[in-house]
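The values are calculated or read from the model by the stated rules, or taken from the named source; none is laboratory data. Just so it is clear, the structure is predicted and the values come from calculations on it, not from any experiment. Positions of Cβ are backbone-derived with ideal geometry, glycine not excepted, and every protein chain shown enters the neighbour counts. Quick note on the areas: whole protein, heavy atoms, side chains included, nothing else; ligands and nucleic acids left out. Shrake-Rupley method; radii C 1.70, N 1.55, O 1.52, S 1.80 Å.
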Amino acid sequence: MRITIITAVFNAATTLENTIKSVLTQRHQGIEYIVVDGASTDGSAEIANRYKGERCRVISEKDQGFYDALNRGIAMATGEVVGFLNADDIYATDDVIAEVANEFASNPQLDCVYGDLNYVRASENGPIVVRRWVSSQFRPVKLYFGWMPPHPTVFLRKRVYEKVGIFDISYKISGDYDLILRCFGQQDFRAKYIPKLMINMQLGGISNGSLKNILIKMAEDYRTIKKNKLLGVATLALKNILKIKQLNKLSVFKPR
């Protein structure tokens with residue numbers, strides 16, 4: 001099975017090479033890797049181009065932001081399944097893609113596979129696990145309570161994008177949540193949770209970067225909650241309660 005992995009990058013020269021190596025050292029042989037660089041000025045494109053070849057495609061051009069870059073990658077993807085790896089994240093083990101491929105291959109009706117992630121902080125002695133996001137099996141009612149899977153672990157068949165659309169670039173921070181609601185909100189959507197650590201995700205994402213960004217994210221979350229006809233302020237509040245629980249250091253975040 002061919003699986004496309006997309007990395008969107010802008011000025012991430014210090015972490016990008018480890019991300020690329022994390023993809024290219026996966027055991028699964030049917031990987032198409034696409035690096036979409038937003039015309040970086042710190043040498044990120046040059047790093048990516050060193051790995052350009054049969055398994056790794058690289059484009060570098062100005063875009064309209066993170067979600068636009070992901071959409072460009074989706075448009076280029078030839079894999080039956082599409083996943084994403086941020087430019088400062090790595091796979092936790094070298095068999096993540098192989099396990100995902102096995103799940104999809106064994107069930108042609110399956111639309112989505114997802115798993116667990118660690119939030120890590122860089123240190124001189126290697127990454128330190130700060131907190132863990134342990135997900136759970138999806139049930140439609142969970143969306144009303146603010147549930148979502150860890151987006152970096154989400155793999156979707158490309159046919160899902162053809163049905164529900166790509167990322168809405170009018171969102172600056174919550175485009176992933178909006179896409180999750182559009183996908184998981186489909187009546188016939190079939191998702192499977194793998195209780196496996198898939199991603200080591202570096203702390204410091206845009207949604208947690210400042211009070212301003214947190215407020216922007218809350219406004220955007222509310223906008224897509226209303227658009228997808230959930231419970232409005234109640235869903236937003238429940239989502240943020242789950243987030244507060246997640247922020248407990250060294251605790252396990254596991255929505256029931």
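Assorted remarks:
- Per-residue SASA entry for residue 66, accessible area with 1.4 Å probe, Å² rounded to 10: 90
- Compactness of the stretch 130-187 was expressed as the Cα radius of gyration divided by 2.2 N^0.38 Å, which yields 1.17.
- Prolate is the label for the stretch 27-93. Its Cα gyration tensor axes, ordered a ≥ b ≥ c, give a/c of at least 1.5 and a/b above b/c.
- The stretch between residue 186 and residue 27, if pulled fully straight at 0.36 nm per residue, gains 54.0 nm over its current Cα-Cα span.
- For the stretch 176-181, 3J(HN,Hα) per residue [Karplus equation, 6.51 cos²θ - 1.76 cosθ + 1.60, θ = phi - 60°, Hz, x = Gly/Pro]: 5, 5, 4, 5, 4, 5
- Rough spin-label spacing in nm, given labels placed 7 Å along Cα→Cβ, for residue 128 and residue 203: 0.8
- Cross-link pairs exceeding 20 Å between alpha carbons, from the set 62/172; 158/229; 217/239: 158/229.
- Residue-count net charge about residue 72 - beta-carbon cut-off 10 Å; Lys, Arg +1, Asp, Glu -1: -3
- q = 0.07, 0.09, 0.10, 0.15 Å⁻¹, the chain: log10 I(q)/I(0) [Debye, one scatterer per Cα]: -0.22, -0.37, -0.46, -1.14
- For the stretch 126-226: Kirkwood Rh in Å [reciprocal of mean 1/r, alpha carbons]: 15.1
- Separation in nanometres of the label points that stand 7 Å from Cα toward Cβ, at residue 233 and residue 136: 2.6
- Ellipticity estimate at 222 nm from DSSP helix runs (n ≥ 4, -39,500 (n - 2.57)) divided over the chain, nearest 500: -10000 deg cm²/dmol
- Distance distribution P(r), the stretch 51-134, all Cα-Cα pairs, bin width 5 angstrom from 0: 3, 9, 17, 19, 19, 17, 13, 3, 0 percent.
- Binning all Cα-Cα separations of the stretch 89-159 at 5 Å, short to long from zero, yields these whole-percent fractions: 3, 13, 20, 22, 18, 13, 7, 3, 1.
- Charge context of residue 48, other residues only, Cβ under 11 angstrom, K/R +1, D/E -1: 0
- At most 14 other Cβ within 10 Å, DSSP loop - GluC sites (Glu not before Pro), the stretch 72-166: 124
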